[in-house]
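Chemist: One structure is given below, represented as structure tokens, and several questions about it will come after.
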Amino acid sequence: MAEACSRKLIVEVCNAKNLMPKDGQGTASAYAIVDFDGQRRRTKTKFRDLNPQWDERMEFLVHDTESMPTEILEINLYNDKKTGKRSTFLGKVKIAGTTFVKVGAESLVYYPLEKRSVFSQIKGEIGLKVYYIDEGPPAAPDTAAESAPKPAAEEEKPAEENKEEKPAEENKEEKPAEEKKEEEKPKEEAKPKEEKPAEENPKPKPEEAPPVPAPPAEVENPPLAQTDKPSNAKDKIIETASKTQELRINDHELRSLVNDRSRSAYDLVDRMPFFIKTKNQTDKDWDQVFAFDKEGLNSSSLEVSVWSQEKKENEECVENCLGTVSFDLQEVPKRVPPDSPLAPQWYSLESEKSPGNDVMLAVWLGTQADEAFQEAWQSDSGGLIPETRAKVYLSPKLWYLRLTVIQTQDLQIGSGSEPKVRSSELYVKGQLGAQLFKTGRTSVGLSPTSSANPTWNEDLVFVAAEPFEPFLVVTVEDVTNGCSVGHAKIQMSTVERRIDDRSEPKSRWFNLVGDENKPYAGRIHVRVCLEGGYHVLDEAAHVTSDVRAAAKQLARSPIGLLEVGIRGATNLLPVKTKDGTRGTTDAYVVAKYGPKWVRTRTILDRFNPRWNEQYTWDVYDPCTVLTIGVFDNGRYKREEAGKPGKDVRIGKIRVRLSTLDTNRVYLNSYSLTVLLPGGAKKMGEIEIAVRFSCSSWLSLVQAYATPMLPRMHYVRPLGPAQQDILRHTAMRIVTARLTRSEPPLGQEVVQFTLDSDTHVWSMRRSKANWFRVVGCLTRAATLARWLDGIRTWVHPPTTVLVHLLLIAIVLCPHLVLPTVFMYAFLILVLRFRYRQRGPLNMDPRLSYVDVVGPDELDEEFDGFPTSRPNDVVRIRYDRLRALAGRAQTSLGDVAAQGERLEALFNWRDPRATGIFVVFCLLASLIFYAVPFKVFVLGSGFYYLRHPRFRDDMPSVPINFVRRLPSLSDQIL
């Protein structure tokens with residue numbers, strides 16, 4: 001991109017709101033200074049306005065498009081010196097280059113102003129539009145390189161001219177420091193530009209990395225002419241290293257070093273030795289790379305043979321061997337990146353029939369870090385079969401599309417020859433692809449209760465995936481006549497985008513088109529926008545791996561890096577038969593975190609496969625979950641009918657990042673358990689290495705204080721039922737897109753990873769959730785038993801100590817809270833040594849798969865709607881009714897307690913309420929005369945009295961509350 005075109009960054013400074021008055025007169029005269037890549041611009045001053053409106057457009061030259069994401073755009077607001085005694089700071093905003101969007105996707109974003117120091121008094125926000133434009137190629141690269149530092153110096157002139165207008169005394173004080181900063185910026189910008197030729201092959205980012213994080217060099221035929229390139233590159237690297245020692249490493253450079261794949265690639269997995277070779281011949285160019293697993297080699301030598309095919313008169317192909325070359329494996333050289341590729345050599349083919357032939361090839365021992373490994377013919381993965389190669393998939397970017405149906409006018413109901421119906425019921429239907437949503441019904445016609453121009457004011461929310469569908473179709477349906485009044489098509493390319501609720505999108509009128517006889521059927525008033533302030537959930541909320549908003553402008557900076565090493569599996573069970581004689585497993589692993597899916601290569605016909613592949617993800621929130629699933633590949637072999645098979649699930653594990661210590665490697669083996677129609681089955685174990693690294697503890701702790709979801713989920717929330725529908729719609733969209741990838745990621749794989757069937761009824765899940773509730777209530781029951789033991793004097797010394805504690809609380813009430821928190825502190829500190837040392841795995845006992853019955857399993861694996869006979873469905877329905885009856889009774893008991901208290905204050909039982917009124921009057925007089933400490937002490941002693949002074953019957957307050965009326969007797 002840097003060589004093909006030039007790029008400009010456009011910053012539109014629109015306005016600011018609620019600024020802090022700084023001129024001593026209750027107002028401020030604000031102007032903004034925008035800095036980017038050594039270039040500076042200044043807006044005009046808006047005098048005495050706490051809500052200034054600038055609407056100024058500024059252009060900045062992007063010197064290097066590849067390093068633009070690492071740049072920082074900084075906007076500083078100041079109060080003009082001309083209106084006050086001194087120039088004061090009003091706030092600043094820093095925007096990372098990763099949030100810059102291309103022209104056409106920009107929107108007005110309000111950024112809260114940040115403080116310069118802890119003691120700064122800053123408030124307000126500034127509205128900006130930030131986007132970039134790619135233009136045609138520059139005139140000459142040399143000229144552009146020479147003039148790169150010039151804009152930074154040229155753009156300083158307007159700022160200097162404005163400063164000359166200020167008083168002379170202020171110029172004397174500020175000019176030396178400002179000139180020093182201005183002189184240093186071009187120098188600092190010039191140094192990185194000189195170093196860029198040494199970085200011609202930049203490292204890939206984690207989001208764009210290939211499936212195996214090796215340097216993504218193209219597998220080229222290594223001719224002899226390329227042998228002199230590595231020396232030049234090496235010299236440049238040495239020069240760069242000597243220069244960078246003089247420069248200070250900033251945060252972005254430090255982050256790039258942390259993400260340097262060559263420094264830390266494959267440190268979580270074992271280096272797997274592979275035997276790799278490429279070959280070439282004089283008049284035939286194969287350009288092929290072969291990788292053989294060293295464990296699969298059962299010979300001490302390598303033999304390379306060249307064959308030719310000849311057709312005879314009977315059109316039969318005859319293969320002739322042109323010769324062979326042998327290599328001793330003990331003498332094969334080793335190559336470890338970043339070493340340069342091994343230069344190929346000519347070798348004579350040994351042949352008795354046709355001597356004199358030569359072959360050019362290179363043979364070396366490498367690892368999976370070798371750049372040639374990605375394009376190699378791999379022996380353990382079935383060669384070059386696409387379905388067995390490692391791949392990285394990206395989920396489509398999802399948006400919420402909000403369609404607000406306001407009203408319709410001039411509807412042409414019925415045909416021209418038919419009279420209009422006296423009254424009709426209409427509704428509006430919106431359709432985006434396969435999604436269909438409807439508004440409520442409203443009447444229109446001549447009746448007094450109906451309106452001639454029906455109004456809805458209802459929102460229809462869709463899930464839109466990039467690239468978007470071409471049209472959103474809005475149709476007005478007539479329920480009375482059972483026909484369509486007309487429809488309108490809205491181009492998705494014209495839909496406005498917004499990132500918050502501060503500005504409503506513009507409403508538009510669209511003409512409704514009927515059938516061929518009605519080119520105009522009225523018009524409809526709607527408001528359409530793409531909601532970028534929401535995060536579109538495409539997975540279950542309790543196992544979500546991404547919480548970022550859809551709009552790029554709202555993206556936060558990553559707080560850490562997640563590295564996962566998929567090492568291998570052991571003791572896998574066979575899931576299919578090979579050649580009808582023996583069982584086999586062709587296993588591969590799928591890992592999903594955020595929008596990035598990774599898939600390892602398929603190891604064919606092994607029960608103890610070793611992948612040793614390492615992947616990385618950026619982490620934006622620590623309270624997220626990594627999902628890893630193991631599958632058997634059933635798609636790489638085509639069946640007789642020409643349809644691919646299905647991948648079989650072997651097991652799944654999840655790792656919650658918040659349970660991991662930072663900068664620590666967790667190397668564990670997890671049991672793979674899968675639930676089958678025949679019951680739970682242990683399929684083997686998988687070995688995973690995980691590391692969650694974070695460079696800043698402050699950003700990690702701050703993440704716990706911020707809301708989980710973006711702001712729009714709280715200021716304009718979606719209903720639970722609507723959110724559930726949209727979540728399953730997003731799941732279907734993601735599944736369809738990944739299924740259409742090449743090679744496809746199967747539907748069964750995506751659904752198993754996303755847990756798309758968690759909403760389906762299951763007796764097993766209901767029991768599991770019930771026992772989870774019981775487990776939580778066990779703690780309260782334990783506390784109640786402990787109190788009852790004290791109250792009944794089971795252990796007299798403990799009861800005496802509680803009496804003393806009660807006296808201390810009454811005499812020193814100010815020590816209650818300190819004592820409670822100190823007690824909690826001591827308990828937590830003592831339990832630190834018993835904490836969980838590693839991440840937990842799927843728990844079969846917690847999932848209730850150990851004691852699940854066959855009928856319950858058959859019910860869980862049954863589709864929706866059911867396909868079982870009526871007798872089986874009737875039995876299951878009766879069982880469900882019995883379970884729901886118990887839950888219904890429990891819910892009724894809980895509701896009755898609240899209704900009794902409400903009835904006490906609503907005089908539903910006049911006598912009971914009258915007794916309570918007299919009790920309240922007497923209690924007020926008693927508490928007026930008796931000190932509160934005495935009451936607490938007396939109540940505590942009465943509660944802790946010895947059992948011999950206690951009655952076996954329920955107490956008076958309990959009897960009184962139980963006699964209060966509830967609404968249970970009013971339910972039919």
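The values are calculated or read from the model by the stated rules, or taken from the named source; none is laboratory data. Everything quoted here is computed from the prediction, not taken from an experiment. We place every Cβ from the backbone using ideal geometry, glycine too, and count neighbours over all the protein chains shown. All accessible areas refer to the heavy atoms of the entire protein, side chains included, with ligands and DNA or RNA removed. Shrake-Rupley method; radii C 1.70, N 1.55, O 1.52, S 1.80 Å.
Chemist: Of all residues in the stretch 585-609, how many are closer than 17 Å to Leu562 by Cβ and either free of Cβ contacts under 8 Å to residues at least 40 places away in the same chain or among the acidic types (Asp, Glu) (or both)?
Modeler: The number of residues fulfilling the criteria is 1.
Chemist: Still on this structure, I have one more. Taking Gln25 as the residue in question, decide whether it is farther than 16 Å from Ile75 by Cβ, surrounded by fewer than 16 Cβ atoms within 10 Å (Cβ to Cβ) and not charged (D, E, K, R). Outline the logic, then answer.
Modeler: Values: farther than 16 Å from Ile75 by Cβ: yes; surrounded by fewer than 16 Cβ atoms within 10 Å (Cβ to Cβ): yes; not charged (D, E, K, R): yes.
Judged against the criteria, Gln25 is a match.
Chemist: Among the residues of the stretch 787-813, how many are over 17 Å from Tyr942 (Cα atoms), in a helix (DSSP H, G or I) and at pLDDT 85 or above? Before the answer, list the steps.
Modeler: Going residue by residue through the stretch 787-813, those that are over 17 Å from Tyr942 (Cα atoms) are 795, 797, 811-813.
With the extra rule that they be in a helix (DSSP H, G or I), the set shrinks to 797, 811, 813.
Okay, now just the ones that are also at pLDDT 85 or above, so 797.
So the count comes out to 1.
Chemist: Only residues that are of a type in the set (Asp, Glu) and either at pLDDT 90 or above or surrounded by 17 or more Cβ atoms within 10 Å (Cβ to Cβ) (or both): list them for the stretch 648-685, please. Before the answer, list the steps.
Modeler: Looking only at the stretch 648-685, we keep the residues that are of a type in the set (Asp, Glu), and these are 661, 685.
Passing the criteria: only Glu685.
Chemist: A further question on this structure: Are there any pairs with C-beta distances below 6 angstrom linking a residue in the stretch 862-881 that is within 17 Å of Arg764 (Cβ to Cβ) to a residue that is open to solvent by less than 70 Å² (accessible area, probe 1.4 Å) and assigned to a helix (DSSP H, G or I), with the two at least 6 apart or on different chains, and if so which?
Modeler: Thr866/Val873; Arg876/Glu859
Chemist: Name the one entry in Leu901, Leu846, Leu815 that is more than 30 Å from Ile686 (Cα to Cα), in contact (Cβ under 8 Å) with a residue 60 or more places away in the chain and surrounded by 11 or more Cβ atoms within 10 Å (Cβ to Cβ). Please lay out each step first, then the result.
Modeler: Numbers: Leu846 fails: more than 30 Å from Ile686 (Cα to Cα); Leu815 fails: in contact (Cβ under 8 Å) with a residue 60 or more places away in the chain.
The match here is Leu901.
Chemist: Can you go through Arg772, Arg727 and tell me which one is touching a Leu at 6+ places or on another chain (Cβ under 8 Å), surrounded by fewer than 16 Cβ atoms within 10 Å (Cβ to Cβ) and assigned to a helix (DSSP H, G or I)?
Modeler: Working: Arg727 fails: surrounded by fewer than 16 Cβ atoms within 10 Å (Cβ to Cβ).
When all the criteria are applied, what remains is Arg772.
Chemist: If you take the residues in the stretch 257-291 that are modelled with pLDDT of 65 or more, open to solvent by 50 Å² or more (accessible area, probe 1.4 Å) and within 44 Å of the chain's Cα centre (by Cα), which one is farthest from Pro355 (Cα to Cα)?
Modeler: If we take residues in the stretch 257-291 being modelled with pLDDT of 65 or more, open to solvent by 50 Å² or more (accessible area, probe 1.4 Å) and within 44 Å of the chain's Cα centre (by Cα), then Asp267 is farthest from Pro355 (Cα to Cα).
Chemist: Is it the case, given these coordinates, that Arg876 is touching an Asp or Glu at 6+ places or on another chain (Cβ under 6 Å), at negative phi and open to solvent by less than 100 Å² (accessible area, probe 1.4 Å)?
Modeler: Numbers: touching an Asp or Glu at 6+ places or on another chain (Cβ under 6 Å): yes; at negative phi: yes; open to solvent by less than 100 Å² (accessible area, probe 1.4 Å): yes.
Criteria met by Arg876.
Chemist: What number of residues within the stretch 737-756 are assigned to a loop (DSSP other than H, G, I, E, B) and either of a type in the set (Val, Ile, Thr) or surrounded by fewer than 14 Cβ atoms within 10 Å (Cβ to Cβ) (or both)?
Modeler: Looking only at the stretch 737-756, we keep the residues that are assigned to a loop (DSSP other than H, G, I, E, B), and these are 740-746, 755-756.
Subsequent filtering for residues that are either of a type in the set (Val, Ile, Thr) or surrounded by fewer than 14 Cβ atoms within 10 Å (Cβ to Cβ) (or both) retains 740-742.
Residues meeting the conditions: 3.
Chemist: Still on this structure, please answer the following. With the structure loaded, tell me whether His713 is of a type outside the set (Phe, Trp, Tyr), under 22 Å from Gln435 (Cβ atoms), in contact with a His (Cβ under 9 Å, 6 or more places away or on another chain) and touching a residue at least 40 places away in the same chain (Cβ under 8 Å) or whether it fails that test.
Modeler: Details: of a type outside the set (Phe, Trp, Tyr): yes; under 22 Å from Gln435 (Cβ atoms): yes; in contact with a His (Cβ under 9 Å, 6 or more places away or on another chain): yes; touching a residue at least 40 places away in the same chain (Cβ under 8 Å): yes.
Yes, satisfied.
Chemist: Right, Ala362: part of a helix (DSSP H, G or I) and either farther than 30 Å from Leu718 by Cα or modelled with pLDDT under 80 (or both) or not?
Modeler: Taking the combined requirement at face value, the residue does not satisfy it.
Chemist: Would you check if there is a residue in the stretch 882-895 being over 42 Å from the mean Cα position of the chain (by Cα) and open to solvent by 80 Å² or more (accessible area, probe 1.4 Å)?
Modeler: Initial filter on the stretch 882-895 (over 42 Å from the mean Cα position of the chain (by Cα)): none.
Among the residues of the stretch 882-895, not one is over 42 Å from the mean Cα position of the chain (by Cα) and open to solvent by 80 Å² or more (accessible area, probe 1.4 Å), which makes the answer no.
Chemist: I'm checking my understanding of the structure. Among residues of the stretch 938-960 that are within 55 Å of the chain's Cα centre (by Cα) and at pLDDT 80 or above, which one is nearest to Arg900 (Cα to Cα)?
Modeler: Across the stretch 938-960, the extreme among qualifying residues is Phe960.
Chemist: While we're on this one: Among the residues of the stretch 338-347, is there at least one that is open to solvent by 20 Å² or more (accessible area, probe 1.4 Å), at pLDDT below 85 and of a type in the set (D, E, K, R)?
Modeler: Yes; the residues of the stretch 338-347 include at least one that is open to solvent by 20 Å² or more (accessible area, probe 1.4 Å), at pLDDT below 85 and of a type in the set (D, E, K, R).
Chemist: If you don't mind, there's one more thing I want to ask. Can you pull out every residue in the stretch 943-960 that is open to solvent by 90 Å² or more (accessible area, probe 1.4 Å), without any contact (Cβ under 8 Å) to a residue 40 or more places away in the chain, not in a loop (DSSP other than H, G, I, E, B) and not hydrophobic (A, V, I, L, M, F, W, C)?
Modeler: Start the filter on the stretch 943-960 by keeping residues that are open to solvent by 90 Å² or more (accessible area, probe 1.4 Å), which leaves 943, 948-949, 951-953, 956.
Filter once more, so that each one left must be without any contact (Cβ under 8 Å) to a residue 40 or more places away in the chain: 948-949, 951-953, 956.
So of that shortlist, the ones also not in a loop (DSSP other than H, G, I, E, B) come out as 948-949, 956.
Of everything in the stretch 943-960, just one residue is open to solvent by 90 Å² or more (accessible area, probe 1.4 Å), without any contact (Cβ under 8 Å) to a residue 40 or more places away in the chain, not in a loop (DSSP other than H, G, I, E, B) and not hydrophobic (A, V, I, L, M, F, W, C), namely Arg948.
Yes or no, residue by residue, for (1) at pLDDT 85 or above; (2) under 20 Å from Cys14 (Cβ atoms); (3) open to solvent by 20 Å² or more (accessible area, probe 1.4 Å):
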position: Tyr31; (1), (2), (3): yes, yes, no
position: Arg41; (1), (2), (3): yes, yes, yes
position: Pro52; (1), (2), (3): yes, yes, no
position: Glu56; (1), (2), (3): yes, yes, yes
position: His63; (1), (2), (3): yes, no, yes
position: Gly84; (1), (2), (3): no, no, yes
position: Lys129; (1), (2), (3): yes, yes, yes
position: Tyr132; (1), (2), (3): yes, yes, yes
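Chemist: Considering only the stretch 56-116, give the strands (runs of 3 or more DSSP E) lying wholly within it that have at least 1 residues that are touching a Pro at 6+ places or on another chain (Cβ under 8 Å) and touching a residue at least 12 places away in the same chain (Cβ under 8 Å).
Modeler: Numbers: elements: 72-79, 88-96, 109-112.
Here the list reads 88-96.
Chemist: Given the condition at pLDDT below 75 and either within 23 Å of Asn769 (Cβ to Cβ) or part of a helix (DSSP H, G or I) (or both), answer yes or no: does some residue in the stretch 864-874 qualify? Step through it out loud before you land on a result.
Modeler: Going through the stretch 864-874, the residues at pLDDT below 75 turn out to be 864.
Filter again for either within 23 Å of Asn769 (Cβ to Cβ) or part of a helix (DSSP H, G or I) (or both), leaving 864.
Within the stretch 864-874, one or more residues are at pLDDT below 75 and either within 23 Å of Asn769 (Cβ to Cβ) or part of a helix (DSSP H, G or I) (or both).
Chemist: Here's something else I'd like to know. For Asp855, state whether it is surrounded by 10 or more Cβ atoms within 10 Å (Cβ to Cβ), at pLDDT below 75, of a type outside the set (Gly, Ala, Ser) and assigned to a helix (DSSP H, G or I). Full working, then the answer.
Modeler: Details: surrounded by 10 or more Cβ atoms within 10 Å (Cβ to Cβ): yes; at pLDDT below 75: yes; of a type outside the set (Gly, Ala, Ser): yes; assigned to a helix (DSSP H, G or I): yes.
Yes, satisfied.
Chemist: Also: For the stretch 788-797, does any single residue satisfy the condition of being in contact (Cβ under 8 Å) with a residue 12 or more places away in the chain, open to solvent by less than 40 Å² (accessible area, probe 1.4 Å) and not polar (S, T, N, Q)?
Modeler: Step one: filter the stretch 788-797 for residues in contact (Cβ under 8 Å) with a residue 12 or more places away in the chain, giving 790-793.
After this cut, where a residue has to be open to solvent by less than 40 Å² (accessible area, probe 1.4 Å) as well, the list is 790.
Of the ones still in play, those that are also not polar (S, T, N, Q) are 790.
So far as the stretch 788-797 goes, yes, one or more of its residues are in contact (Cβ under 8 Å) with a residue 12 or more places away in the chain, open to solvent by less than 40 Å² (accessible area, probe 1.4 Å) and not polar (S, T, N, Q).
Chemist: How many residues are surrounded by 10 or more Cβ atoms within 10 Å (Cβ to Cβ), part of a loop (DSSP other than H, G, I, E, B) and either touching a helix residue (DSSP H, G or I) at 6+ places or on another chain (Cβ under 8 Å) or modelled with pLDDT of 80 or more (or both) if we restrict to the stretch 818-843?
Modeler: Total meeting the criteria: 2.
Chemist: In the stretch 709-719, what residues are assigned to a loop (DSSP other than H, G, I, E, B) and surrounded by 14 or more Cβ atoms within 10 Å (Cβ to Cβ)? Please lay out each step first, then the result.
Modeler: Within the stretch 709-719, the first condition is being assigned to a loop (DSSP other than H, G, I, E, B), and the residues that meet it are 709-711, 716-719.
Passing the criteria: Leu709, Pro710, Arg711, Arg716, Leu718.
Chemist: Let me ask something else. Please note which strands (runs of 3 or more DSSP E) are completely contained in the stretch 554-620 and include at least 2 residues that are open to solvent by 40 Å² or more (accessible area, probe 1.4 Å). Working first, answer last.
Modeler: Details: elements: 560-570, 576-578, 582-584, 587-593, 596-599, 610-619.
Here the list reads 576-578.
Chemist: Name every residue in the stretch 348-386 that is open to solvent by 30 Å² or more (accessible area, probe 1.4 Å), touching a residue at least 12 places away in the same chain (Cβ under 8 Å) and hydrophobic (A, V, I, L, M, F, W, C), in order of residue number.
Modeler: Within the stretch 348-386, Leu365, Trp377, Ile385 qualify.
Chemist: Does the stretch 508-527 hold any residues that are within 16 Å of Leu403 (Cβ to Cβ) and either open to solvent by less than 10 Å² (accessible area, probe 1.4 Å) or polar (S, T, N, Q) (or both), and which are they?
Modeler: Of everything in the stretch 508-527, those that are within 16 Å of Leu403 (Cβ to Cβ) and either open to solvent by less than 10 Å² (accessible area, probe 1.4 Å) or polar (S, T, N, Q) (or both) turn out to be Leu512, Ile524, Val526.
Chemist: Separate question: If Thr706 meets every condition in (1) assigned to a loop (DSSP other than H, G, I, E, B); (2) surrounded by 15 or more Cβ atoms within 10 Å (Cβ to Cβ) apart from one, which number is that one?
Modeler: Going through the list (1) assigned to a loop (DSSP other than H, G, I, E, B); (2) surrounded by 15 or more Cβ atoms within 10 Å (Cβ to Cβ), Thr706 breaks only (2).
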